[in-house]
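> Before I ask anything, let me first share the structure, which is written out below as structure tokens.
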Amino acid sequence: MVPQEPVALQTANREPLTARGTAFIETFGCQMNVLDSELAGATLSEVGFNVKAANASGRGMGEADVIMVNTCSVREHAEQKAYSFLGRAYRLKKQNPELVIAVLGCMAQKEGALIFKRAPYVDIVAGTQHFTKIDEYVARVKSKRERILAIGRDDEVVSAKRYRIRDGRHSLQVAVMRGCDHHCTFCVVPNTRGMEQSKPFDDVVKECEILVGGGAREITLLGQNIDSYGKRLTPRRTLAELLHAVAKVPGLDRLRFITSHPADLKPELFNAFKEIPNLMPYLHFPAQSGSDRILRAMRRGYTFDDYMRLVDKAREACPEIGLAGDTIVGFPTETDTDFERTLELHRRAEYQNAFVFTYSHREFTPAEKMELKDDVPEHVKNERVNELLRVQREVSERVLARHVGKTMPVLFDRKDPATDPVLRVSESTEAGFAAKHEARITKHGLSGRSPQNLPVHVNAGRDLTGEIAEVRITRATGLALYGELC
Ligand code: SF4
């Protein structure tokens, strides 16, 4: 097919669409990408597509009419994986020239038309604010053989009135804001997702009412920097207000929120853990480093002591709270002394789990503008990652062991994550890694989530999907809890 100049789309008027066929989605990256893939998938299934999860090998995608990859740019590695996946999709397109290939997400936003140069067989490049229109873009490619480039700003992404019921799911995520106003030196998100935009307060509550009406028992409110929710709304609103309002949705058993920024965490949020009975005791707030010198260089806006004060406040407000973190090792100029402070932070914060990454120099980040040299040698980065993972595993084993002997309510969301039709996400995402672990463990049983958002495995002997049941914890590892039904 002769590549034509892509039609740059800003906002397009909606045409009624009907379509038939099979669409596959592969997802790389964060929880926001997992949700965007679900919403893009729901958008296509609404117009008649049979939507399935891609598998990294490309097996079973031979019958595809549409293949989409939702990409991540947070590390070079994630982009390489997206391009190798596109290579596999291209082999299928050679057998079926009608196949539509779409690139969504942060790499699409960052690279734009460059993707057409590197992969001329791609039909659609749709940025982080355009996945809600994927059905229309597919129809245009199919009917007019146009190539679509859609990376402009599109406010519909935060004010979409098309709520997507995701059948059979009891635990769902709702994006309440997108983008980020922080400019952490290592991060590409402000460039790929833009400034913070909050979804209108009443829209969020209405969306949660519809999802709970559709069978959801647990809702997780999602935002790259969720503590800033409502900052630009008129009148200004806060995350704590939103939590109080959503918690009152009839039939909602469990409410969660991710991801918090230590510099924006407000005291009233800790009160919310005391005041809202169905707000789950779980807080994911990445420290990224334990060294004050590195935290300044990262432009994180807090110190080791500030962070530990927040940890203490969280435990004071909610003693049974489960904390989770993200940490980068090998940030430019990081010394052994800096790294020792990071180990100290993990020992003292006592995260139940933490995601650990090596620093990856990225374009379109403040670090690039500051010409920060990626000067920590790869072998030192790898040694530090292994050492931090070893320390964190000890901490996780200690923290999870405290649950043994306790009885707790567990929401059984799904039989075996690896077989979930749309949700299977690649292992390069946190969810994908956890899913692989769970799938391996629950051959005969069920997996669910504790109030602290820990995976709990039981041999139930009956299908409890969608139910909340009391479980007595009998065993714990550094990754999960095991128990029996009461
Ligand atoms: S808070 Fe920092 S790390 Fe998080 S999305 Fe914003 S810029 Fe990136």
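The values are calculated or read from the model by the stated rules, or taken from the named source; none is laboratory data. These figures come from a predicted structure and were not determined experimentally. When we count neighbours, we look across all protein chains shown, and the Cβ atoms used for this are built from the backbone with ideal geometry, even at glycine. Only protein heavy atoms, including side chains, enter the accessible area calculation; ligands, DNA and RNA are left aside. Shrake-Rupley method; radii C 1.70, N 1.55, O 1.52, S 1.80 Å.
> Which whole-number percent is the relative contact order of the chain (Cα, under 8 Å, 6+ apart)?
Reported relative contact order: 12 percent.
> Just to confirm my numbers, what's the Cα centroid distance between the stretch 302-352 and the stretch 186-247 in Å?
26
> Would you work out which of L343, A297, G325 lies farthest towards the positive end of the dipole of the stretch 291-349, given +1 charges on the beta-carbon of Lys and Arg and -1 on that of Asp and Glu, about the Cα centre?
The Cα lying farthest towards the positive end belongs to A297.
> Counting only residues 5 or more places away or on other chains, whose amide H sits under 5 Å from the amide H of H284 once H atoms are built in the peptide plane?
Distant-sequence amide H within range of H284: S260, A324.
> To the nearest 20 debye, what charge dipole does the stretch 241-280 have about its Cα centre, counting +1 at the Cβ of each Lys and Arg and -1 at the Cβ of each Asp and Glu?
Values: 5 positive and 5 negative charges, 24 e Å.
So the dipole magnitude of the stretch 241-280 works out to roughly 120 debye.
> Turning to a different aspect of this structure: Which of A82, M107, T22 sits farthest toward the positive end of the charge dipole of the chain, with +1 on the Cβ of Lys and Arg and -1 on the Cβ of Asp and Glu?
T22
> A further question follows. When you count, for each residue, the other Cβ atoms within 10 Å and take the mean per peptide, how do 45-52, 187-194, 68-75 rank with the highest first? Intermediate results must be reported in sequence, preceding the final value.
Numbers: 45-52: 16.9, 187-194: 21.4, 68-75: 26.4.
Averaged packing, sorted descending, gives the order 68-75, 187-194, 45-52.
> Per residue of the stretch 359-374, in order, report the coupling 6.51 cos²θ - 1.76 cosθ + 1.60 (Karplus, θ = phi - 60°) as ³J(HN,Hα) in whole Hz, putting x for Gly and Pro.
4, 10, 5, 10, 5, 6, 10, x, 4, 5, 4, 7, 6, 5, 7, 7
> Out of residues 5 or more away from A354 or on other chains, whose amide H comes under 5 Å of its own, with H placed 1.01 Å from N in the peptide plane?
G325
> Could you list, by residue number, the cysteines of the chain that have no other cysteine's beta carbon within less than 4.7 Å of their beta carbon?
So, C30, C72, C106, C180, C208, C318, C486.
> Given the chain, what percent of its DSSP beta bridges are antiparallel, to the nearest 5?
On the way: 18 of 66 bridges.
Beta bridges within the chain, antiparallel portion: roughly 25 percent.
> Expressed as a whole percentage, what fraction of the accessible surface of the stretch 167-280 belongs to carbon and sulfur atoms when a 1.4 Å probe is rolled over the protein heavy atoms?
Numbers: 2160 of 4040 Å².
Using a 1.4 Å probe with all protein chains present, the stretch 167-280 comes out at 53 percent carbon and sulfur.
> Under a straight-distance cross-link criterion of Cα-Cα below 23 Å, which lysines are reachable from K369, leaving out those fewer than 8 residues away in the same chain?
Qualifying lysines at Cα under 23 Å: K110, K381.
> Probe of 1.4 angstrom, ligands and nucleic acids ignored: what's the accessible area per residue over the stretch 234-323, in square angstrom?
41
> Would you grab the residues whose amide H sits under 5 Å from the one on E320? Only those 5+ places off in sequence or on another chain, please, with H modelled 1.01 Å from N.
none
> Just the Kirkwood number for the stretch 7-150, please: inverse of mean 1/r across all distinct Cα pairs, in Å, one decimal. Could the numbers behind the result be given before it?
Values: mean 1/r = 0.0680 Å⁻¹.
That comes to 14.7 Å for the stretch 7-150.
> Can you give the FRET efficiency to the nearest 0.05 for H361 and E316, using r as the Cβ-Cβ distance and R₀ = 45 Å? It would help to have the intermediate numbers written out before the result.
Values: r = 39 Å, r/R0 = 0.87.
Computed FRET efficiency for H361 and E316: 0.70.
> Right, next: How long, wide and thick is the chain, going by the Cα atoms along their three principal axes, in whole angstroms, largest first?
Result for the chain: principal-axis Cα extents of 61, 55, 48 Å.
> When the helices in the chain are scored as -39500 (n - 2.57) per DSSP H run of 4 or longer and the sum is shared across all residues, what 222 nm value do you end up with, to the nearest 500 deg cm²/dmol? Present the calculation step by step, with values, prior to reporting the outcome.
Details: 16 runs with 172 residues, N = 486.
Roughly -10500 deg cm²/dmol at 222 nm, from the helical runs in the chain.
> Do any of K231/K274; K93/K144; K81/K373; K81/K142 go past 20 Å between their Cα atoms, and which? Don't jump to the answer; show the numbers that get you there.
Values: K231/K274 24 Å; K93/K144 18 Å; K81/K373 25 Å; K81/K142 27 Å.
Over 20 Å apart, Cα to Cα: K231/K274; K81/K373; K81/K142.
> Return the sequence-ordered ³J(HN,Hα) values of the stretch 321-334 in whole Hz as given by the Karplus equation 6.51 cos²θ - 1.76 cosθ + 1.60 applied to θ = phi - 60°, using x for Gly and Pro.
Karplus-based 3J(HN,Hα) across the stretch 321-334 equals 5, x, 9, 9, x, 10, 9, 10, 10, x, 5, x, 6, 4 Hz.
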